[in-house]
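This report concerns only the one structure given below.
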Amino acid sequence: MAVSDVYIDADDIDPIDLVESIAEHHEWEFDRIAHDQIAMAVEGQWRGYALTLSWSAYDQTLRLICTFEMEPPEHRIGALYETLNHANDQIWAGSFTWWGEQKMMVYRYGLILAGEQIASPEQIDTMINAAVLSCERFFPAFQLATWAERDPTEAIRIAITEAYGRA
């Protein structure tokens, strides 16, 4: 029998069950909010991040939202938006946005699984890691642009610079 002859019923695999298994594997704190939603806490180098993943059967999309608190000075909100635009230009998947009312920086991504596609644990783990790594990568730029009052272009250059070698 060929591999293409084996069919898996997509209804049997719940993406949020996979996310829960990944959270358990990494020993992240999590709370299964509903059958189609899970919230997790992931500790990064700069800060802790709150991740929420939810499955929409209607859209056939696994949505990820990764947030962290940020309270920029009101007079630097324009610089924050400019820095967000620069950051989003550097990201291949997902995007940042600012929720001013909640004082939250938000990274969002949606994995579309239309046509009865099934997300693998590796895909979901990569999706979560990409979100945290993007937040880790651009957090210093957001801080530099808002609190250090650096030019957004300069702040992004500092954030995308990679260090090589050892100290």
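The values are calculated or read from the model by the stated rules, or taken from the named source; none is laboratory data. This structure is a prediction, so every number in the text was calculated from the model and none was measured. Quick reminder, even Gly has a Cβ in these numbers, built from the backbone with ideal geometry, and neighbours come from all protein chains shown. Heavy atoms of the whole protein, side chains included, go into the accessibility calculation; ligands, DNA and RNA do not. Shrake-Rupley method; radii C 1.70, N 1.55, O 1.52, S 1.80 Å.
Side notes on the structure shown:
- For residue 135, the conditions (1) under 19 Å from residue 59 (Cβ atoms); (2) of a type outside the set (D, E, K, R); (3) open to solvent by less than 40 Å² (accessible area, probe 1.4 Å); (4) not in a strand (DSSP E or B) all hold with the exception of (1).
- Filter result (of a type in the set (Phe, Trp, Tyr) and either within 12 Å of the chain's Cα centre (by Cα) or at pLDDT 95 or above (or both)) within the range 44-90: 49, 55, 68, 81
- Pick from the range 1-21, criterion modelled with pLDDT of 95 or more and among the β-branched types (Val, Ile, Thr), ranking: farthest from the chain's Cα centre (by Cα): 16
- One residue stands out in the range 94-118 among those that are touching a strand residue (DSSP E or B) at 6+ places or on another chain (Cβ under 6 Å) and of a type in the set (A, V, I, L, M): the one that is farthest from residue 132 (Cα to Cα), namely 112.
- Of all residues in the range 30-63, those being open to solvent by 70 Å² or more (accessible area, probe 1.4 Å) and of a type in the set (Val, Ile, Thr) number 1.
- Filter pass, residue 99 being open to solvent by 40 Å² or more (accessible area, probe 1.4 Å) and over 14 Å from the mean Cα position of the chain (by Cα): yes
- For residue 74, the conditions (1) open to solvent by 80 Å² or more (accessible area, probe 1.4 Å); (2) within 19 Å of residue 52 (Cα to Cα) are fulfilled apart from (2).
- Taking the range 102-124 as the range and being buried (at least 18 other Cβ atoms within 10 Å of the Cβ) and part of a helix (DSSP H, G or I) as the test, only 124 passes.
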